[in-house]
Amino acid sequence: MEQIVQQSLHNLVQRLQADTNTIEQRFKIEYDPDWPSPCYQEAAQAGMAVNWQPVAMDLPLNFANIESALNISLNEQFCQFFTTNWSFNLLAQASDGQCELLQVCNADDFERLQQNLIGHLMMKQRLKQPLTLFFGLTDEDDFILSVDNTSGEVVLEQVGRLPVRKLAPDLATFLDGLS
């Protein structure tokens, strides 16, 4: 499954980069010298718009610390999604509307993702809800894209609530449907 997610993510990036109508919107970001990333294609003064692109990760990152601390196993496709590329968030179009796929652009960003994920998982445990793993935002307030940790299905959920519907049988299928 992991190579499938990696390939689907790679294919999505290629589709987004090929869309000349939105490439400026999707692959430009304000340069922040205090938030270094291999994604920047050029150095600039703070706040200047610069081009960026996803770059294959050069560090072997994993979620073992979360799995150990919470005594759970995280869905492998979710783990692969966040350990394939250094990237800023990806803006994409799903059949139901705009979405923003969360990504990590440096090691500090990966640490921040893990802290947020721990908080999310602890909330789910406290509410006695099935564990979900967030990976994206939608254009609807408080609705997030998540992977059901047990089934691997991509679901739409409101923060703190049970998923409202299944969007895809797995993460690769969901990514393949984005433009």
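A few remarks follow.
- Filtered residues of segment 2-30 (kept if of a type in the set (Val, Ile, Thr), surrounded by fewer than 18 Cβ atoms within 10 Å (Cβ to Cβ) and either part of a helix (DSSP H, G or I) or in contact with an Asp or Glu (Cβ under 9 Å, 6 or more places away or on another chain) (or both)): Ile4, Ile23
- Residue match in segment 164-177 (condition: exposed (fewer than 15 other Cβ atoms within 10 Å of the Cβ), at pLDDT 95 or above, of a type outside the set (Gly, Ala, Ser) and within 14 Å of the chain's Cα centre (by Cα)): no
This table checks each residue for (1) in contact (Cβ under 8 Å) with a residue 24 or more places away in the chain; (2) of a type outside the set (A, V, I, L, M, F, W, C).
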position: Gln7; (1), (2): yes, yes
position: Gln14; (1), (2): no, yes
position: Ala18; (1), (2): no, no
position: Asn21; (1), (2): no, yes
position: Ser37; (1), (2): yes, yes
position: Ala56; (1), (2): yes, no
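- Entirely in segment 75-179, the helices (runs of 4 or more DSSP H) that have 3 or more residues that are in contact with a strand residue (DSSP E or B) (Cβ under 7 Å, 6 or more places away or on another chain), touching a residue at least 24 places away in the same chain (Cβ under 8 Å) and closer than 18 Å to Phe63 by Cβ: 76-82
- Looking across segment 115-137, just one residue is buried (at least 17 other Cβ atoms within 10 Å of the Cβ) and among the polar types (S, T, N, Q), and that is Thr132.
- All conditions in (1) of a type in the set (Ser, Thr, Tyr); (2) crowded, with 19+ Cβ neighbours inside 10 Å; (3) modelled with pLDDT under 95 hold for Ser146, with the sole exception of (3).
- Residue in segment 48-69 that is modelled with the lowest pLDDT, counting only those that are within 24 Å of Gln17 (Cβ to Cβ) and not aliphatic (A, V, I, L, M): Asp58
- Those residues of segment 93-111 which are in contact with an Asp or Glu (Cβ under 6 Å, 6 or more places away or on another chain) and either β-branched (Val, Ile, Thr) or surrounded by 13 or more Cβ atoms within 10 Å (Cβ to Cβ) (or both), in sequence order: none
- Residue list for segment 81-96, restricted to those being out of contact with any Ser or Thr (no Cβ under 9 Å at 6 or more places or on another chain) and over 14 Å from Gln114 (Cα atoms): Thr84, Asn85, Asn89, Leu90, Ser95
The values are calculated or read from the model by the stated rules, or taken from the named source; none is laboratory data. Since this is a predicted model, take the numbers as computed values, not measurements. Every residue, glycine as well, gets a Cβ built from its backbone with ideal geometry; the counts of neighbours run over all protein chains shown.
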